[in-house]
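The next block holds one structure in the form of structure tokens; read it before the comments.
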Amino acid sequence: MKQIIYPRAKLRKFAEIVGVLDPLVEEWFFSKFSDFSESQLYGVMNVHERKNILISAPTGNGKTLTSFLAILNYLIRLARKKELEEKIYCIYASPLKALNNDIYVNLLRPLEEIEHIAKIKGIELQKIRVGLRTGDTTAYEKQKMLKKPPHILITTPESLAITLTAKKFIELFYCVEFVIIDEIHSLGNKRGVYLSISLERLEDISKMTPVRIGLSATVAPLDEVANFLVGMGRECLIAEVKAGKKADIKVLTGVEDLIETDKYDLHSSMYGLIDDLVQSHKTTVIFTNTRAATERVVSHLKDMFPEKYLENIDAHHSALSKEHRFNVEDRLRNGELKVVVTSTSLELGIDIGYIDLVILLGSPKGSARALQRIGRAGHKLHDISIGRFVVVDRDDLVECAVLAKEAIEKKIDRIHIPKNCLDVLSQQIYGMAIQRVWDKKEMFELLKKSYCYRNLSKEDFMSVISYLAGEYALEHRHVYAKIWYDKETNEIGKRGKLARVIYMTNIGTIPEESFVSVVLAGGAGKGSNIGMIDEGFLEKIKPGDVFVLGGKKYQFMYTKGMKAYVRGGITRNPTIPSWFSEMLPLSFDSALDIGRFRKLMDEKFRLDLGKEKIIEFIREHCYCEKNVALAIYRYFYEQYHFAQIPHSKKIVIETYRGEKNYIIFHSLYGRRVNDALSRAIAYLMGQKAGRDIEIGISDNGFYFAGERLPIDEALTLLNPKNLRQILDEAIEKTEVLKRRFRHCAARSLMILRNYKGRRKSVGKQQMSSFFLLSAINKISKDFPILKEARREVLEDLMDIEKTKLVLEWINQGDVVLEKINTKLPSPFALNLVLQGYSDLLKIEDKIEFLKRIHKEVMKDIVKKKEKEK
Amino acid sequence: MKNRAKIEVCEDSLLIDKKILVFGDVHLGLEESISSRHGFPRLHLKELSEKVNRIFTALKKRKIKITKIIILGDLKHDFGSVTISEWGDVRKFLQKLITFIDGDQEDKLIIVKGNHDNYLNTITRKENIKLVQNYVYKDVCFLHGHEMYQECLNKDIKCLILSHLHPAIIFDDGYKSEKFKCFLKGKWNKKMVYVMPGFSLMSIGFSLNEVIDKDYKNKNDDFFIINNKDLQKLEVIVYNNKDGEEYNFGKLKNL
């Protein structure tokens, strides 16, 4: 289906807006502001006229107030006339729990102040109530809300879903007039998918059709996000506020030469640079890409500059406790912190006070994210955001330079909204069945109104119903059916007395990740705790793997309970990078831009323009300083003369023989595409050669290592049409499918995290899902939740659609494949090979392997015996 | 010499004198102890039955009739008590086994008690099955392996058959690493010993040759009656179900 294009909202006239404001609201507004902001000029009238609208604006443009202004105005009018009803007029849902301050500034304080004005004037107003309902709201507060319903309800997507099944609360929803979805750009995930159905359910419950207002940071594509906001068959306006804060963006390297400088110097000069930047500004936020890096940066800064950083530095990331995070946010607002290091948790609109510098340590992996992060600096509209990219290696340098260019030119990469997620669907159908009895057709039609399920097939819908009704089971009596489905009457309803409790305690779409302590298993310091790794990482490593934690190498041995036992004093190279599981993938759009830059560079070298001219070109193209351009020049110079420069129109395939046979693909399409592409090729090669293949994947390409690598045969077999089928087979036995299956099983409530008040450990969930998966594999390959796990791997984790596109380019000759042999990995290949493998494709039959090993062992034994003789 | 029993390997079990079948560590109920009951179809019993069918089909082809089955301990998993599904599963499994045994003699089915088999007597009493700490046939003594008994050290006993250890072996050629169930066989305390792999389908077992498990085992030297040092002297045998072949990999210490 083609994307619907929505009309753009027009700027409305100042007088027109003032004309609809209640005198109290008008007086309050102009006591605070002299004029309406751009987003207010776009939004206030449209909300007043009850039109659905998506407002996309950079931070600091008064979006939140835009959405509330018209609504407050409406409620004040009612309050003045004493016509306020005991019902919820407006629901405000935000993915953030910690929005208190933002809500205070944009809703509670305005309300207080308006009431104050009214009091002075002797105007009697009915009390307008604002209620907060999140996972932290106490039972007492919920009870209070039922007695005196808030007119404006502040909530999260999860809490909204719970209230939609709570009998008494539903009554308060009987006539909701407005729904505001904040930070909608951060909902391109299953949380958003989930919310999209909740909104349809709300619409079903409410007698009035609530106006939908979406608030977003700069995002693309706007039409898709608008469609996601309003669902199918509804109108929407799009307001795109371009004017934001001015940005001052630069790329910095700590050293002259990123490759010649030894690691220690690189390290100390990078921190030196960061220290200089921090010291010359008032308050700095440093963004890294992983939680592990966040901790590392804090401890390095403290170690290297103990006199400067002690109480005034802290970390903020999602693995830290809520108390810790709130505390950090408070100290930021109070100006007590000089510097905060974070991963992604401070990207969203949490109010953190005045920040004058943002440092991006390592590439933010996409231009939207870069802008979002940089936009955290200088919160007020007319401030200048200062953003500094500090690069860590040469690939990072090129990536950051191009991302900085995109950010300066305000070019935004597109978000991905998952579709037809059957696990989320299961949870929602269960919730709907708890709410009331449904007619099958009515339910299906409601679901299809959500943008994310507009193409939901009847088959998928029915297979979810079958699963929930317990029809898939082998042994009926052991299976806990969650709903009943009457084939005669086509009615669907809940089953079991505990349904509501199970639903409410297990709801949500964010997979539970836990952390595992790493403990020394022997030698000096036996039993001592070294640190933590996340469970996702634990699932990646095998006994014997070497990884780095806190700058030291350890060999993983075994796990026991929630502890991972390791050996220290390892000299071997790491076999697996420890940040792997939480790496952000480079966006496809930004990757293509880097590919285009590479192509331009290739052309310059081919024209033999000379060093000065090429450096000049880089400076102009990337708006960067001379030393940065020089470093980029050197990197490309080496690649050009050693091998070839791969670019947007050419994938270089490099073959070399190291300890193993290596084939390196320089395919700069981001990890999501490379993941899919490499696995498909590896699978085909494995089929031909019958041996296992090691795969290493990065944003810039991938490599294979193994004994036999029949690459040409594999490439002939692969085409855009058979890609999905090949990948379906290729991921069949992978760890990643198992892990995603566990998440999907938890989301679809196959595995209950919480049952009768008892919490199930992640370890137990893992075991359950392991057995569940092997059972399901025997029942049906099309079991909906397994199908969903596969979809999630192929469409959300990987990007099968873009991979298809790349294959089409190759088929049509738009992108050529160029094979070369090298004696050593080329400069561009170095980081990729050094990073180590990400997965091992198992092909060879276990028994064949056994026979082969047996032969070899026998040979050894015979040799030994001969020697003895 | 006429009292020597003949022992051969037969898919995770041993065949004695072509008439007695022995296997151990079935761990019925393991599934339940680690998974939630809700929405979870239990398959272990079904798969175990299939495995037993497969073994007996193969034996039938060779015209071998089994007159006795010895279960070498840990028939059930749960230490504490007999859970409802274990009751059902254990009884079903035992009833199934009995149908495969030829003849009408006493003690067709013998269960040697393992460390997990507390409370098992409530079931065996009902089914009229002999539950013992160890069992002697000719010169062979069968015991689970978590504890040693005086009578098993008798001079007339030439061979010990043990379970409990769940031995497995990891092969790694630098490209690939796989784990296999294995038998251990060799001399110990002047007797021949056989250590059987676990019969359970839920896990392959503890690998004996990987660094990890070596350290792990050292800590638990009293886990098994044969200590780790002596285990190293035993030979590793992997049985290939597909074509019924045995592969002897030589002594564990060399792997």
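The values are calculated or read from the model by the stated rules, or taken from the named source; none is laboratory data. Not measured: the values here are computed from a predicted model. All Cβ positions, even for glycine, are placed from backbone atoms using ideal geometry, and neighbour counts span all protein chains on display.
Quick rundown of the values:
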read-out	value
Any chance A:LEU153 is crowded, with 21+ Cβ neighbours inside 10 Å and outside any helix (DSSP H, G or I)	yes
Flag for A:ARG724 being at pLDDT below 90, assigned to a helix (DSSP H, G or I) and more than 10 Å from chain B (Cβ to nearest Cβ)	no
Every residue from region B:222-251 that is among the polar types (S, T, N, Q) and either assigned to a loop (DSSP other than H, G, I, E, B) or within 11 Å of another protein chain (Cβ to nearest Cβ) (or both)	B:ASN227, B:GLN232, B:ASN240, B:ASN241, B:ASN248
Matching residues in region A:23-57 - criterion: being touching a residue at least 60 places away in the same chain (Cβ under 8 Å) and outside any helix (DSSP H, G or I)	A:SER37, A:ARG50, A:LYS51, A:ASN52, A:ILE53, A:LEU54, A:ILE55, A:SER56, A:ALA57
Test: residue in region A:509-532 that is at pLDDT below 90, within 30 Å of A:LEU199 (Cβ to Cβ) and within 14 Å of chain B (Cβ to nearest Cβ)	no
Members of region A:747-785 that are outside any loop (DSSP other than H, G, I, E, B), modelled with pLDDT of 75 or more, within 20 Å of A:ARG191 (Cβ to Cβ) and within 11 Å of another protein chain (Cβ to nearest Cβ)	A:ILE785
Hits in region A:631-662 (condition: more than 32 Å from the chain's Cα centre (by Cα), assigned to a helix (DSSP H, G or I) and in contact (Cβ under 8 Å) with a residue 40 or more places away in the chain)	A:ARG634, A:GLU638, A:GLN639, A:PHE642
A:GLU295 being within 22 Å of the chain's Cα centre (by Cα) and not aliphatic (A, V, I, L, M)	yes
Out of A:PHE556, A:PHE588, sole residue that is modelled with pLDDT of 95 or more and either closer than 22 Å to B:ASN209 by Cβ or crowded, with 20+ Cβ neighbours inside 10 Å (or both)	A:PHE588
Test: B:TYR194 is modelled with pLDDT of 85 or more and buried (at least 16 other Cβ atoms within 10 Å of the Cβ)	yes
Residue check, A:LEU425 part of a helix (DSSP H, G or I), touching a Leu at 6+ places or on another chain (Cβ under 8 Å) and farther than 18 Å from A:THR59 by Cβ	yes
A:ALA705 of a type outside the set (Phe, Trp, Tyr), at pLDDT below 95 and in contact with a strand residue (DSSP E or B) (Cβ under 6 Å, 6 or more places away or on another chain)	yes
Yes/no for A:GLU16 being assigned to a helix (DSSP H, G or I) and surrounded by fewer than 22 Cβ atoms within 10 Å (Cβ to Cβ)	yes
Candidate set: region A:201-249, residues that are assigned to a strand (DSSP E or B) and of a type in the set (Lys, Arg); chosen: the one surrounded by the most Cβ atoms within 10 Å (Cβ to Cβ)	A:ARG212
Residue list for region A:324-370, filter: assigned to a helix (DSSP H, G or I), over 25 Å from A:ASP413 (Cα atoms) and within 23 Å of the chain's Cα centre (by Cα)	A:HIS324, A:ARG325, A:PHE326, A:VAL328, A:GLU329
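For every residue, the table says whether it meets (1) within 30 Å of A:ALA247 (Cβ to Cβ); (2) of a type in the set (Lys, Arg).
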{"position": "A:PRO7", "(1), (2)": "yes, no"}
{"position": "A:ILE17", "(1), (2)": "yes, no"}
{"position": "A:LEU21", "(1), (2)": "no, no"}
{"position": "A:PHE33", "(1), (2)": "yes, no"}
{"position": "A:PRO58", "(1), (2)": "yes, no"}
{"position": "A:THR66", "(1), (2)": "yes, no"}
{"position": "A:LYS81", "(1), (2)": "no, yes"}
{"position": "A:LYS87", "(1), (2)": "no, yes"}
